[in-house]
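Asker: Just dropping this structure here.
The values are calculated or read from the model by the stated rules, or taken from the named source; none is laboratory data. All values reported here derive from a predicted model rather than from experimental measurement. Glycine gets a Cβ as well: all are built from the backbone with ideal geometry, and neighbour counts include every protein chain shown. Surface areas here come from the heavy atoms of the whole protein model, side chains and all, with no ligands, DNA or RNA. Shrake-Rupley method; radii C 1.70, N 1.55, O 1.52, S 1.80 Å.
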Amino acid sequence: MTIPLKNLAALSRIQENWLAAKERKLLNWLCAQMPQYVTPDRLTALGMFGACLIFIGYVASNLHTSWLLLAIVGYVVQWFGDSMDGSIARFRRIERPSYGYFIDHSCDGLATLLILAGIGLSPFVTMDIAMVALAGYLLLSIHAYLAARVLGEFKLSYLAAGPTELRLMLIALTLMMMVLGSGPGYFGRLSGFDLFVGAAGFILILLFVIQTLTTGRRLARSERWEG
């Protein structure tokens with residue numbers, strides 16, 4: 001099945017992460033509390049502001065590790081804006097499927113670049129390792145967007161983890177940075193933080209390969225070539 005690009009409202013959203021049900025209840029409650037001047041576009045902008053706070057917090061941690069608190073605040077702000085923009089549009093029945101899909105996921109890519117570039121510019125993780133993680137994220141995003149086009153399914157979680165779980169992992173990593181500092185590690189030039197971020201990037205790339213092969217086989221079965 002190939003879904004027309006104009007029919008994005010028909011996408012089947014697949015979200016099977018651990019916190020999905022509890023997060024949805026919280027988001028629905030927050031949507032009911034939001035005043036009318038809080039619009040989806042303003043929430044998207046707030047999410048990008050949060051990503052900028054994360055970037056600044058990581059870069060400024062070269063001066064003092066206390067700046068990492070700003071990055072943690074940024075994760076909370078970014079979660080609120082990124083999670084609420086689409087939620088409040090659906091809650092108020094003011095969806096703009098094509099516009100929202102395009103703007104939201106364009107901002108997701110830019111926000112992830114800011115986060116991982118900030119981590120790479122911090123004293124805890126080397127930039128080349130951070131860019132491997134960025135490549136893994138972008139590859140898996142490409143798969144999700146392609147699958148949305150050819151299958152009509154938009155997968156929002158992998159291995160029972162989605163964006164919220166990933167943010168919690170990064171917050172935990174940031175807290176460990178504050179506790180352990182940026183001194184020499186046990187792995188030569190690479191620190192334990194490098195290994196963690198690099199392993200996460202490797203897992204994302206591996207998931208991309210597996211999902212690509214799985215989706216390819218599924219499409220091949222549904223579109224058998226007739227000579």
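Asker: Using alpha carbon centroids, what distance separates the stretch 89-131 and the stretch 199-218, in Å?
Answerer: Centre-to-centre (Cα) distance: 20 Å.
Asker: Under 10 Å, Cα contacts only: if you run a Gaussian network model on the chain, which one of Gln78, Gln33, Gln211 comes out with the highest mean-square fluctuation?
Answerer: Ranking Gln78, Gln33, Gln211 by mean-square fluctuation puts Gln33 first.
Asker: Picking from Ala147, Ala130, Ala51, which is most flexible by a Gaussian network model of the chain using Cα springs under 10 Å?
Answerer: Ala147
Asker: Using a 1.4 Å probe and ignoring any ligands, DNA or RNA, find the accessible area of Tyr99 and quote it in Å² to the nearest 10.
Answerer: 90 Å²
Asker: What distance in nm lies between label points placed 7 Å from Cα along the C-beta direction at Met34 and Leu159?
Answerer: 3.1 nm
Asker: Protein chains only, probe 1.4 Å: how do Asp194, Asp104, Asp41 rank by accessible area, largest first?
Answerer: On the way: Asp194 5, Asp104 35, Asp41 70 Å².
My answer, sorted largest first, is Asp41, Asp104, Asp194.
Asker: Not counting ligands, DNA or RNA, and with a 1.4 Å probe, what is Leu204's accessible surface area in Å² rounded to the nearest 10?
Answerer: 50 Å²
Asker: For the stretch 28-129, state what percent of all Cα-Cα pairs lands in each successive 5 Å bin, counting from 0 Å until the bin that includes the largest distance.
Answerer: Histogramming the stretch 28-129 at 5 Å steps yields 2, 14, 21, 19, 15, 11, 8, 6, 2, 0 percent.
Asker: Moving to a separate point now. Rounded to a whole number of µm²/s, how large is the Stokes-Einstein D of the stretch 109-163 at 4 °C and 1.567 mPa s, given Rh as the Kirkwood radius over C-alpha pairs?
Answerer: 105 µm²/s
Asker: Write down the accessible area per residue of the stretch 25-109 in Å², having rolled a 1.4 Å probe over the full set of protein chains. Don't skip to the end; give the middle numbers.
Answerer: Details: 4500 Å² over 85 residues.
Ligands and nucleic acids excluded, the figure is 53 Å² per residue.
Asker: Okay, moving on. Tell me the label only: which of [x] 8, 34, 40, 16, 2, 0, 0; [y] 7, 29, 34, 20, 8, 2, 0; [z] 8, 31, 29, 18, 9, 3, 2, 1 is P(r) over Cα pairs in 10 Å bins from 0, in percent as calculated from this structure?
Answerer: [y]
Asker: If you don't mind, there's one more thing I want to ask. Do any chymotrypsin sites (Phe, Trp or Tyr not before Pro) in the stretch 119-227 lie in a DSSP loop with no more than 16 other beta carbon atoms within 10 Å, and if so, which? The partial results should precede the final answer.
Answerer: Numbers: sites: Phe124, Tyr137, Tyr145, Phe154, Tyr158, Tyr186, Phe187, Phe193, Phe196, Phe202, Phe208, Trp225; in loops: Phe124, Tyr186, Trp225.
Answer by residue number: Tyr186, Trp225.
Asker: Rg and Dmax of the stretch 108-227, using alpha carbons, in Å: what are they?
Answerer: Cα radius of gyration and Dmax of the stretch 108-227 are 17.3, 64 Å respectively.
Asker: Counting each DSSP H run of 4 or more residues in the chain as -39500 (n - 2.57), what helix-only mean residue ellipticity at 222 nm follows after dividing by all residues, to the nearest 500 deg cm²/dmol? List each step's numbers first, then the result.
Answerer: Values: 7 runs with 158 residues, N = 227.
The per-residue figure over the chain is -24500 deg cm²/dmol.
Asker: Something else: Ranked by accessible surface with a 1.4 Å probe, highest first, in what order do Arg90, Arg189, Arg42 come? Numbers along the way, then the final one.
Answerer: On the way: Arg90 95, Arg189 175, Arg42 145 Å².
Sorted descending by solvent-accessible area, the residues read Arg189, Arg42, Arg90.
Asker: Build a GNM of the chain with springs between Cα atoms under 10 Å: which of Val76, Val209, Val132 gets the top mean-square fluctuation?
Answerer: Val209
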